[in-house]
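If you scroll down you'll find the structure; I have some questions about it.
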Amino acid sequence: MGGVAIARMRVVNAPGANRREVVKGLGSGGGKDAVPGRHTGRNVSRDRWSGLHGPGGMATEVRPTRHGTIMRAQRYVDGGYTPYETLLERFDDVDVVHRSTRVVQAPLSTCMEPWCAWENVYKFLPQLVDVEPMSEDGKIRRLRLMYRFASTPTIELLASAIYVGTDPKEQLKDILQQEGEGTSAGKRNAEVRWRSVEGFPQAGCVKFTERGRIGNERESELPIPQTETVVELEFTYRMPQVLVEFLGRQPIQLDVEKIVQGVMDGYVELCLKKTNAGQT
């Protein structure tokens with residue numbers, strides 16, 4: 001999968017400095033400080049950003065575009081990376097499904113809000129590095145994700161995604177209104193669904209089931225009883241063919257399973273922070 005080495009210049013906004021970086025791709029080569037890319041990986045200088053799975057900084061860029069606001073986190077990818085275009089839209093023909101369930105001591109609105117916009121998902125999904133509007137109505141977002149297995153170069157994944165079914169923001173608006181008016185029955189259901197319309201094949205669904213009040217109201221020293229919400233995530237995707245050919249399905253599936261569980265842990269932590277902040 002080699003090819004003619006190509007180079008381009010890009011500006012890297014590192015903490016305390018703006019500097020240019022030579023990105024060398026498709027093949028070996030590179031300077032003495034270059035990290036050789038593997039399979040279709042590009043070579044990048046080792047003294048730049050730390051990797052997605054390692055220590056280091058991250059710069060976040062927020063800027064307006066024709067369709068809205070783009071959010072971008074620039075993370076250095078250690079060990080080179082495989083640009084999306086080199087995948088040639090080749091994905092496995094097997095759907096891989098991951099599921100994760102969490103019980104969160106927070107009301108339905110708090111649990112649902114982080115999933116209602118990709119700009120919110122961005123906060124607890126470290127593999128998501130870009131969110132860019134792609135349609136006039138703002139419903140389609142281009143998601144740029146970075147995935148890395150062990151020491152192999154990070155793979156760039158691009159997906160144009162859209163929420164399907166009932167608009168999650170409209171659902172959230174109704175739920176917040178019910179809570180504000182005190183008309184919530186305490187046992188409600190909601191769900192957020194999305195899928196790719198172009199690019200990396202992936203889809204997901206998050207279901208929320210509110211269980212009602214919990215806690216011991218007789219103990220005055222305890223905080224106000226919270227609402228307990230069951231959150232069920234189902235994520236489906238197809239692996240890039242290059243990973244299947246080099247690594248096989250099972251190692252990738254096990255690795256992504258760990259990532260999914262870690263993402264859910266980060267999501268629960270975010271919900272609890274919001275809940276605790278509201279009680280103080």
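The values are calculated or read from the model by the stated rules, or taken from the named source; none is laboratory data. Values in this document were obtained by computation on a predicted structure and should not be read as measured data. Every residue, glycine as well, gets a Cβ built from its backbone with ideal geometry; the counts of neighbours run over all protein chains shown. With ligands, DNA and RNA removed, areas are computed over all heavy atoms of the protein, side chains included. Shrake-Rupley method; radii C 1.70, N 1.55, O 1.52, S 1.80 Å.
Accessible area, 1.4 Å probe, largest first: how do F149, F208 sort?
Ranking F149, F208 by accessible area, largest first, yields F149, F208.
Under a 1.4 Å probe, what is the accessible area of the range 77-189 per residue, stated in Å²?
Per-residue accessible area for the range 77-189 comes out at 45 Å².
Could you state how much accessible area E113 has, in square angstrom rounded to the nearest 10, with a 1.4 Å probe and all protein chains kept in place?
Only protein atoms counted, so the area is about 50 Å².
Sticking with this structure for a sec: Taking a 28 Å limit on the Cα-Cα distance, which of the listed pairs K187/K258; K169/K273; K139/K258 fall beyond it?
Correct reply: K187/K258; K139/K258.
Roughly how much of R193 is accessible, in Å² to the nearest 10, using a 1.4 Å probe?
We get 90 Å² for R193.
Just reorder L145, L254 by solvent-accessible area, largest first, 1.4 Å probe, all chains present.
Most to least solvent-accessible, the answer reads L254, L145.
Tally up the carbon and sulfur contribution to the accessible surface of the range 144-211 as a whole percent, 1.4 Å probe, everything protein left in place.
For the range 144-211, the apolar C and S fraction of the accessible surface comes to 48 percent.
How far apart, in nm, are two points set 7 Å out from the Cα along the Cα-to-Cβ line at E170 and at R102?
Using points 7 Å along Cα→Cβ, the separation is 2.8 nm.
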